[in-house]
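Colleague: This is the structure I want to talk about, given as structure tokens.
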Amino acid sequence: MTERERSAGAPRGGAGAGVERERSAGAAGAGAAPDVAIVGAGIVGCALAAFLAEAGAAVLVVERDDVGAAASGRNSGVLQHPMDALLAPLFAGSLPHYRDLAEHGFELPPEPHGVLMLAPSEASLAGELDALAGAFPELRAEPLACGEPASLEPALAPDLAGVRLDTGFPVGPSAATRAFAARALAAGARIETGSEAALARNGLVVAGVRRPAGAVVVAAGPWSSALVDRGGGRRPIAPLWGVVAEVRLEAPPRHTLEQAGIEQLVASGGDPPPLFSLVTTGAVSALGSTFLPERPDAQALVPLLRERGARFVPALAGTELGAVRACARPLSSDGLPLLGRVPGRSDLFIASGHGPWGVSLGPASAKLVADLVLGRGTVPAAFDPARFA
Ligand SMILES: Cc1cc2nc3c(=O)[nH]c(=O)nc-3n(C[C@H](O)[C@H](O)[C@H](O)COP(=O)(O)OP(=O)(O)OC[C@H]3O[C@@H](n4cnc5c(N)ncnc54)[C@H](O)[C@@H]3O)c2cc1C
């Protein structure tokens, strides 16, 4: 469990980049220089665009592919408590933003469906249970003896033990990002897709053309470090590739199902075996997942996912798997996001590094960075990019 020994620390001071101008800029007109240019239309970039545009900034988002083309549109699709004391406030802070998205076509389930952490024996879960119950009473961690998970979810193998957690809102992999993009557009932001951006002094270079901007926010997921530090000396954010396969089970579980151990696995690095997870939204379940440093051949990993999954949900052995997708988590080397000003640059910000929790935490992170850019707020020291300087 990532009960970290750090504390969140004092809020970090610092003025904004001065992009909040006297005028209310409104939409970034096609030819006009935006107040803020954002690189990346994932969950973080789209939420940032919505918050900044609604605050009156002229916003341009530059995305090399499409909205939600990377992990923000291809993930497992559950909003979930991150089980980490420093990250938990970002989850709590993101839920109200998700409730605000209803008019943009996003539906947050009224109550969490619950998460079942699963293991072959109660003994192997005892430490996990104590840590969770002590640190996060809001999760109402409930031990489940061998066989009890199957009585809650008949799709499960009968010999599993577990812990039930009061979290987990299934939402569909791309729904959140698309809704934030719609909200940003409604507030006057422009989203330019199919264009790769590079950083320049006072703005961006897009398709060889200089695009000045009052401030730039890099929300480019696993590619953020390489964009900010082209020399490669400091790259605290790296990709951690995951493969997910869609499956339609006859009687899909309502809970999100997870093999216990993701925390240790993400921290260990290397080339570990897949960990079982199954998230059901409507009739479709997302079966995952792998944690690999290099982009995998997704199809080649399907038999491994099925085999691992069938240990937990036996029906997976005989059910045809549907679409398979691979995407990369933007994982920072200390497991915490980088939110704030890039050291030594007053007009350059970064918002990335959420690892396996980006959809769950992205909106609150984006709000912190949007307020910082506008000169209205501070970001907890634990997330300050300067810690890697
Ligand atoms: C298999 C898997 C399952 C997951 N499941 C969940 C889940 O259930 N719940 C959860 O909370 N999280 C989950 N995650 C994690 C979550 O998906 C990510 O943390 C989150 O989507 C990251 O969002 P982002 O906006 O930071 O980056 P991304 O989604 O990676 O978006 C960055 C964007 O920047 C663009 N870009 C990059 N470089 C440039 C450039 N130079 N110019 C222009 N555009 C550029 C990319 O094309 C991309 O669209 C999962 C991740 C994986 C891999």
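Colleague: Please give the FRET efficiency for Arg345 paired with Ala207, using the beta carbon to beta carbon distance and R0 = 30 Å, rounded to the nearest 0.05.
Modeller: 0.85
Colleague: While we're on this one: What order, most packed first, do the peptides 285-291, 376-382 have when packing is the mean number of other Cβ atoms within 10 Å of each residue?
Modeller: The packing order, highest mean first, is 285-291, 376-382.
Colleague: Taking only Cα atoms, what is the 0 to 90° angle, nearest 10, from helix 298-312's long axis to the longest principal axis of the chain?
Modeller: Computed tilt is about 40 degrees.
Colleague: Mind checking the per residue accessible area of the chain for me, 1.4 Å probe, whole number of Å²? Could you put the intermediate results ahead of the total?
Modeller: On the way: 15420 Å² over 389 residues.
Dividing the accessible area of the chain by its residue count gives 40 Å².
Colleague: Among 110-117, 200-207, 316-323, how do they line up from the highest to the lowest mean number of other beta-carbon atoms within 10 Å?
Modeller: Order by mean packing, descending: 110-117, 200-207, 316-323.
Colleague: Using only Cα atoms and rounding to the nearest 10 degrees, what angle (0 to 90) does helix 126-135 make with the longest principal axis of the chain?
Modeller: 40 degrees
Colleague: Sticking with this one: At a probe radius of 1.4 Å, what is the per-residue accessible area of Thr280, in Å² to the nearest 10?
Modeller: 10 Å²
Colleague: Taking all protein chains in place and a 1.4 Å probe, what share, in percent, of the accessible surface of the chain do carbon and sulfur account for? Provide the component values of the computation, followed by the final result.
Modeller: Values: 8130 of 15420 Å².
The C+S portion of the solvent-accessible surface of the chain is 53 percent.
Colleague: Here's another thing I want to ask about it. Taking the chain as the reference, fit the longest principal axis to its C-alpha atoms, fit the long axis of helix 88-99 to the helix C-alpha atoms, and give the angle between the two in degrees, 0 to 90, nearest 10.
Modeller: 80 degrees
Colleague: Please give the residues of the stretch 93-130, grouped as numeric ranges, whose backbone N is less than 17 Å from a label point set 7 Å along the Cα-to-Cβ vector of Ala310.
Modeller: none
Colleague: Further, regarding this structure: Non-local amide H neighbours of Glu192 (under 5 Å, H modeled in plane, Pro and chain starts lacking H): which ones?
Modeller: Long-range HN contacts for Glu192: Val61, Val62, Glu63.
Colleague: Just grab the label-to-label distance for Ala186 and Arg248, each label 7 Å out from Cα along the Cβ direction, in nm (one decimal).
Modeller: Distance between label points: 3.1 nm.
Colleague: How high is the relative contact order of the chain, in percent, counting Cα pairs under 8 Å that sit 6 or more residues apart?
Modeller: So the answer I get is 25 percent.
Colleague: Largest first, what is the accessible-area ranking of Cys327, Cys146 with a 1.4 Å probe?
Modeller: Reading off the accessible areas and sorting them downward yields Cys146, Cys327.
Colleague: For the stretch 175-191 and the stretch 221-259, compute the distance between their C-alpha centroids and round to whole Å.
Modeller: Each part's Cα centre sits 22 Å from the other's.
Colleague: Given points 7 Å out from each Cα along the Cα-Cβ axis, report the Ala102 to Arg387 separation in nanometres with one decimal.
Modeller: 3.6 nm
The values are calculated or read from the model by the stated rules, or taken from the named source; none is laboratory data. Treat the numbers as computed from the prediction; the structure is a model and nothing was measured. Cβ sites come from the backbone with ideal geometry, for glycine too, and all protein chains shown count toward neighbours. Accessible surface is based on the protein model in full, side chains and every heavy atom, while ligands, DNA and RNA are left aside. Shrake-Rupley method; radii C 1.70, N 1.55, O 1.52, S 1.80 Å.
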